[in-house]
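Here is the structure we will look at, set down as structure tokens.
Every number in this text was worked out from the coordinates using simple rules, so none of it is lab data. As the structure is a computational prediction, the values presented were derived from the model and not from experiment. Cβ placement follows ideal geometry from the backbone for every residue including glycine, while neighbour counts extend to all protein chains displayed.
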Amino acid sequence: MSRTFFEFARRNLQRNLFRSLLAVVGIVIGVLAISSMGILGNSLTLSVTEELSTVGDSLSVIPHSGQGSQFGAGLVQDRISERQVQDLRRIAGSNPVIPFYSTADRIQVGTKSGVVSIYAMDTDDIPKLVEVDRGILIRGNSGVLAGPRVVSQFDLKVGSQIRFENGDTQRVVGILKERGLGFDIQPDYALIVPSRWYEDRNDEKGYDQVIIKVRNLDDVDVLEKAIDNRFNRREDVLDTFSSKEILSSIQQVFGQISTFTTAIGGISLIVAGISILNVMMMSVTERTKEIGILRSIGTLRSEIRQMFIYEALMLGAIGSVLGGLLSFGGGYLISLLMLQTTKYLFHPSSLSSIALGMGFGIATALLSGLYPAWKASNLSPIEALRYE
Amino acid sequence: METVKAAGEDDPVLIRFDEVSKVYSLPAGDVVALDRISLTVERGEFIAIMGPSGSGKTTLLNLIGCLDVPTSGRLVINGHDVADLSDDDLTYLRRDTIGFIFQHFNLIPLLSVLENVEYPLILKCRDRNACGMKPYEVLRAAGLDDERLYTHKPTELSGGQQQRVAIARAIVNDPSLLLCDEPTGNLDQKTGGAIMDLLAEMNRMGKTIIMVTHDTGVAAFAHRQVRIVDGRIMEDTG
Ligand SMILES: Nc1ncnc2c1ncn2[C@@H]1O[C@H](COP(=O)(O)OP(=O)(O)OP(=O)(O)O)[C@@H](O)[C@H]1O
Ligand SMILES: [Mg+2]
């Protein structure tokens, strides 16, 4: 029975193939936009959570800066002292605590010169944060490790000599493995030097930053609270932030971008909906006589409605399936561009965002079909029969 | 109400008009298409309705065909007062009790010849083999022997052939009443004659036929002539 009306719908769409295709295109674009953004969002969250759960979280501790003390207490703290580091170690327990200096300097390599950022840390701590790709780690008091971006900028090799602003020179002993965007430090774009060598040349009163590697993700909150209790009771002295927090702010920004693109997808769905409405109203008008005939030989109002709703659903389903399939391509490209990986494309949550996009597509088509279907079913049979 | 059961299958009266008027309200004013018509049609009759253009013949047929309801007066069809029936009930009545044959054939362009004839069966029975008559038999009974034509679309057939398909479609659900609005109006004389022979045959088989025509030759096939002028019955030979 309903097969008959399904068949009617199919044949009518085929009869107006070009028009139907145009209506489908809108749905395809809408579904594609919504699904691809969904896939990207998912892949982003998945890749970051996966990284966090394998390498553990790191908690960054930095001096509280900004307003400091307006009441002249004289404690404008922009360094972390050795004593504070000792306290942090006690709080951190077995989790490694890595204090370091973070600075920048103009360097010269051969004829090239430029500014790079520099991390100075205890040679024992270096392997806790970075891995060496070529060469060796720093032993003793001399040698630098270079991040891959610095290497390509200055054409560095293991053994290259770097001349610092003040005239000191050091040799590159190792080149770091590329680490990508980090939440704690950015070694790809930096040089790492031994802290003792750095301290000998600079009159530092404290460290710029401390990183606590937290092995168990659940400990992050506990540690943050403990640090807050110990240092920030009277006034803010140290700020802490974890990768988790940075992740959530990244996700927040991403959420805004994705709301924006989803809105674009939504707008294109609205346009598609209007075009389906338009196509179907045309179809109702053109088929007025046909509807009159169908009614006169015993077709119920509800059956006429059914026929038109099938038509809308078919447009929606075809558009959504095409859009869903293309979303794999769209999601692949956008993930590759923004995350450099596509391994989360077939993850259940990515697939569910495709399903969501498709659901929206079908729902839009269905909504647009309701009015024409209602209109068609309420035509008076005699008016419809008189229509030429 | 899935099917409208005839209240009195053995009541000889199939249709009764009692002071029925039909008024169309138009912006320019009311048009009285039918003016207090009273008319009784018994089962098995073959009636020709005649009259000048605009006299209300089609309107009368539409009322009998449950496509429209009277503005005033009482109209009883097969035992049902149409004023008591919902839109769905009227539709079931059309589907099960009434067959329509139009001047312009009015076949469904999306369906093939065979599908056009099957369509009312499917509406009624859902399963096209469940209802007694078979579309092939009916098409043959309507004088369309060439089975190669059955898969064609209606527009690929001649006018006479299309009208035969329309007749097959009208009788496939075995209605007791056939309504024909100028069934030969679009056909040449010879083809029209053949169609009339077919209708006369249907009438002999027991179907009540009410037919609108301008053609006195065609009207001669009927046993009773009703003449309408300005929405009133001027002459009734019955
Ligand atoms: N749906 C309608 N809306 C408004 N007026 C209508 C409608 N149907 C018929 N009429 C009017 O009612 C009157 C009777 O029309 P009807 O179609 O019944 O005439 P007819 O006898 O069938 O004429 P014809 O021989 O030309 O087919 C006419 O004046 C017509 O304009
Ligand atoms: Mg007429």
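What's the center-to-center distance, using Cα atoms, between region A:331-357 and region A:267-292 in Å?
Region A:331-357 and region A:267-292 have Cα centres spaced 34 Å from each other.
Compute, for the protein assembly as shown, the length of the dipole vector about the Cα centre, with Cβ point charges of +1 (Lys, Arg) and -1 (Asp, Glu) only. Units Debye, rounded to 20.
Result for the protein assembly as shown is approximately 1060 debye, rounded to the nearest 20.
Which is farthest toward the positive dipole end of chain A among A:Thr342, A:Ser353, A:Val31, measuring Cα position about the Cα centre, with Cβ charges +1 (Lys, Arg) and -1 (Asp, Glu)?
A:Val31
Is any helix in chain A, taking whole DSSP H runs, at least 30 angstrom long along its axis by alpha carbon and on average at least -0.5 on the Kyte-Doolittle scale, and which ones?
Counting only whole DSSP H runs, the qualifying helices are A:17-55, A:243-286, A:301-339, A:348-377.
So what is Rg over Rh here for region B:130-208, counting just Cα atoms and using Kirkwood for Rh?
Working: Rg = 12.3 Å, Rh = 13.0 Å.
In region B:130-208, Rg relative to Rh is 0.94.
Can you pull a Stokes-Einstein diffusion coefficient for region B:61-110 at 4 °C (1.567 mPa s), Rh from Kirkwood over Cα pairs, as a whole number of µm²/s?
Working: Rh = 11.9 Å.
The Stokes-Einstein estimate is 109 µm²/s.
Compute, for region A:159-253, the length of the dipole vector about the Cα centre, with Cβ point charges of +1 (Lys, Arg) and -1 (Asp, Glu) only. Units Debye, rounded to 20.
The calculation lands at about 320 debye.
Let me make sure I get this right: for region A:180-253, a, b and c are the square roots of the gyration tensor eigenvalues over alpha carbons, sorted descending. Under 1.5 in a/c it's rounded, otherwise prolate if a/b > b/c, else oblate. Which is it? It would help to have the intermediate numbers written out before the result.
Values: a/c = 2.17, a/b = 1.25, b/c = 1.73.
It is oblate, given that a/c is not under 1.5 and a/b is not larger than b/c.
Quick one: pull the percentage of alpha-carbon pairs in chain B with a separation above 34 Å.
Of all Cα-Cα pairs in chain B, 13 percent lie more than 34 Å apart.
Step by step: find N for region B:1-112, compute 2.2 N^0.38 Å, then divide the Cα radius of gyration by it. What's the final number?
1.13
Given region A:314-388, report the % of alpha carbon pairs whose separation exceeds 17 Å. All intermediate terms of the calculation are to be shown ahead of the outcome.
Working: 1657 of 2775 pairs.
Distances greater than 17 Å cover 60 percent of the Cα pairs.
Note the angle between two axes, namely the Cα long axis of helix B:87-97 and the longest principal axis of the Cα atoms of chain B, as a number of degrees from 0 to 90, rounded to the nearest 10.
Helix B:87-97 sits at roughly 60 degrees to that axis.
Could you give the dipole magnitude of region A:237-332 about its Cα centre, charging the beta-carbon of Lys and Arg +1 and that of Asp and Glu -1, in debye to the nearest 20?
So the dipole magnitude of region A:237-332 works out to roughly 420 debye.
What order do you get for B:142-153, B:113-124 when each peptide is scored by the mean count of other beta carbon atoms within 10 Å, highest first?
B:113-124, B:142-153
Could you tell me which chymotrypsin sites (Phe, Trp or Tyr not before Pro) in region A:279-366 are loop residues by DSSP with no more than 11 other beta carbons within 10 angstrom of their beta carbon?
On the way: sites: A:Phe308, A:Tyr310, A:Phe328, A:Tyr332, A:Tyr344, A:Phe346, A:Phe360; in loops: A:Tyr344, A:Phe346.
Answer by residue number: A:Phe346.
Relative to the compact globular guide of 2.2 N^0.38 Å, what is the alpha carbon radius of gyration of region A:122-221, as a ratio?
Computed over Cα atoms of region A:122-221, the ratio equals 1.14.
Name the GluC sites (Glu not before Pro) in region B:1-96 that are in a loop by DSSP and that have at most 14 other C-beta atoms within 10 Å, would you?
Counting only loop positions with at most 14 other Cβ atoms within 10 Å, the GluC sites (Glu not before Pro) in region B:1-96 are B:Glu2, B:Glu9.
On a full-extension model of 0.36 nm per residue, what is the gain between A:Ile267 and A:Ser102, subtracting their alpha-carbon distance, rounded to one decimal in nm?
Answer, rounded to one decimal: 54.7 nm.
Find which of A:Gly369, B:Gly192, A:Ile62 sits farthest along the positive direction of the dipole of the protein assembly as shown, computed with +1 on the beta-carbon of Lys and Arg, -1 on that of Asp and Glu, about the Cα centre.
Of the options given, the answer is A:Ile62.
Could you please state, rounded to a whole Å, how far the C-alpha centre of region B:186-238 is from the C-alpha centre of region A:77-123?
Taking the Cα centre of region A:77-123 as reference, the centre of region B:186-238 is 107 Å away.
Would you mind computing, in nm to one decimal, how far apart the modelled labels at A:Asn229 and A:Asn378 are, each placed 7 Å from Cα along Cα→Cβ?
6.9 nm
Using the charge dipole of chain A (Lys, Arg: +1 at Cβ; Asp, Glu: -1 at Cβ; taken about the Cα centre), state which of A:Leu21, A:Val220, A:Ser242 has its Cα farthest towards the positive end.
So the residue furthest toward the plus end is A:Leu21.
Can you tell me the 0 to 90 degree angle between the C-alpha axis of helix B:189-204 and the longest principal axis of chain B, rounded to 10?
Orientation of helix B:189-204: about 80 degrees from the principal axis.
Relative to 2.2 N^0.38 Å, what does the C-alpha radius of gyration of the protein assembly as shown come to as a ratio? Two decimals please.
Normalised Cα radius of gyration, the protein assembly as shown: 1.69.
Work out Dmax and Rg for region B:79-169 from the C-alpha atoms and quote the Rg first, both in angstrom.
For region B:79-169, the Cα-based Rg and Dmax read 14.1, 45 Å.
Work out the FRET efficiency for A:Tyr387 and A:Thr45 from their Cβ-Cβ distance, taking R0 = 56 Å, and round it to the nearest 0.05.
Efficiency at R0 = 56 Å is approximately 0.50.
Grab the alpha carbons of region B:103-238, take their convex hull, and tell me the volume per residue in Å³.
Cα-based convex hull of region B:103-238, divided per residue, equals 120 Å³.
Write down the radius of gyration of region A:136-283 and its Dmax, each obtained from C-alpha positions, in Å.
Radius of gyration, then largest Cα-Cα span, for region A:136-283: 25.4, 85 Å.
Quick one, what does Rg over Rh come out to for region A:229-388 if you take C-alpha atoms and the Kirkwood Rh?
1.29
I'd like the trypsin sites (Lys or Arg not before Pro) in region A:288-388 restricted to DSSP loop residues with at most 15 other Cβ atoms within 10 Å, sorted by number.
Here the sparse-neighbourhood loop sites are A:Lys343.
For chain A, what is the calculated [θ] at 222 nm in deg cm²/dmol (nearest 500), taking -39500 (n - 2.57) for each run of four or more DSSP H residues and dividing by its residue count?
Details: 12 runs with 223 residues, N = 388.
Mean residue ellipticity, 222 nm, calculated: -19500 deg cm²/dmol.
Could you check the simple spin-label distance between A:Arg89 and B:Tyr136, using points 7 Å along Cα→Cβ, in nm with one decimal?
For A:Arg89 paired with B:Tyr136, the spin-label model returns 9.9 nm.
How many lysine pairs in chain A, separated by 8 or more positions in sequence or lying on different chains, have Cα atoms less than 25 Å apart?
18
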